[in-house]
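**Q** Pasting a structure here, questions to come.
The values are calculated or read from the model by the stated rules, or taken from the named source; none is laboratory data. None of these values were measured; they are calculated from a predicted model. Every residue, glycine as well, gets a Cβ built from its backbone with ideal geometry; the counts of neighbours run over all protein chains shown.
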Amino acid sequence: MTNARTSGGAAAALNNSAPGQAGCGFRKHLINAPPSERGDHLHEWALAEAVISSLLAVAKEKGAKEVAEAKIKLGKMQQIDIDILNLAFRELTRGTLLEKTKIKVEPEETRFRCRACGHEWNFEAPGKSEEEEAIHFVPELAHSFLRCPRCRSPDFEIMGGRGVWVEYIKISR
């Protein structure tokens, strides 16, 4: 079992591809996908592609003949639609070493702590306002839109529940 927490998110993984090319072909799939699978869900597809690229890289590095299972942790601050993410995993792993892999996605609560008053709270995204949409794509913008519910300070730290990472991967050689 291998634990691989990636830094830099999907953008870092996607930037390893040649310009205009994606390692798992999600852009080609999306061109042919019905509108309900495109549009608002490109972020989920890009994250799925980045995770798949990471899993394939680890499998290759370890000389895996098969990847039985992988667990993906997903910070709730990312506001990812897990059903769309799972659809993307199924579609993008077709014909790859990961086609039969059981990919478990486990959400992680986002926790904040106010530096001014010490109050701790969870991230709750009630809808898709422009603020939530901005945080969805760039979590660092949380400081621009969120305030401590107790003292209204914008000075807080994100203690957990942001980002996407591979918690483990089970392979056979």
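**Q** Given the condition in a loop (DSSP other than H, G, I, E, B), within 21 Å of residue 87 (Cα to Cα), modelled with pLDDT of 70 or more and of a type outside the set (Ser, Thr, Tyr), answer yes or no: does some residue in the stretch 109-125 qualify?
**A** Looking through the stretch 109-125, none of the residues is in a loop (DSSP other than H, G, I, E, B), within 21 Å of residue 87 (Cα to Cα), modelled with pLDDT of 70 or more and of a type outside the set (Ser, Thr, Tyr).
**Q** Please go through the stretch 138-173 and give me each residue that is surrounded by fewer than 19 Cβ atoms within 10 Å (Cβ to Cβ), in a loop (DSSP other than H, G, I, E, B) and either in contact (Cβ under 8 Å) with a residue 12 or more places away in the chain or of a type in the set (Val, Ile, Thr) (or both), ordered by number.
**A** Matches in the stretch 138-173: 138, 146, 149, 150, 151, 153, 155, 173.
**Q** Follow-up question, since we're still on this one. Look through the stretch 59-68, keep the residues that are surrounded by 17 or more Cβ atoms within 10 Å (Cβ to Cβ) and small (Gly, Ala, Ser), and return whichever of them is farthest from the chain's Cα centre (by Cα).
**A** 64
**Q** Which of the residues that make up the stretch 92-108 are surrounded by fewer than 16 Cβ atoms within 10 Å (Cβ to Cβ) and either part of a helix (DSSP H, G or I) or in contact with a Ser or Thr (Cβ under 6 Å, 6 or more places away or on another chain) (or both)?
**A** Scanning the stretch 92-108 gives a single hit, 99.
**Q** Moving to a separate point now. Of all residues in the stretch 69-100, which are under 19 Å from residue 170 (Cβ atoms), among the basic types (Lys, Arg) and more than 14 Å from the chain's Cα centre (by Cα)?
**A** So the first thing to find is which residues in the stretch 69-100 are under 19 Å from residue 170 (Cβ atoms), and the list is 69-74, 86, 89-90, 93, 96-100.
Restricting the remaining residues to those that are among the basic types (Lys, Arg) gives 71, 73, 90, 100.
Once the filter is applied, which keeps residues that are under 19 Å from residue 170 (Cβ atoms), among the basic types (Lys, Arg) and more than 14 Å from the chain's Cα centre (by Cα), the stretch 69-100 yields 90, 100.
**Q** Across the stretch 58-89, what is the number of residues that are of a type outside the set (Val, Ile, Thr) and either farther than 22 Å from residue 107 by Cα or in a strand (DSSP E or B) (or both)? I'd like the intermediate steps shown before the answer.
**A** Of the residues in the stretch 58-89, the ones of a type outside the set (Val, Ile, Thr) are 59-66, 68-71, 73-79, 81, 83, 85-89.
Going one step further and asking which of them are either farther than 22 Å from residue 107 by Cα or in a strand (DSSP E or B) (or both), we end up with 59-66, 68-71, 73-75.
Residues meeting the conditions: 15.
**Q** Somewhere in the stretch 22-40, is a residue closer than 25 Å to residue 141 by Cα, of a type outside the set (Phe, Trp, Tyr), modelled with pLDDT of 50 or more and not in a strand (DSSP E or B)?
**A** yes
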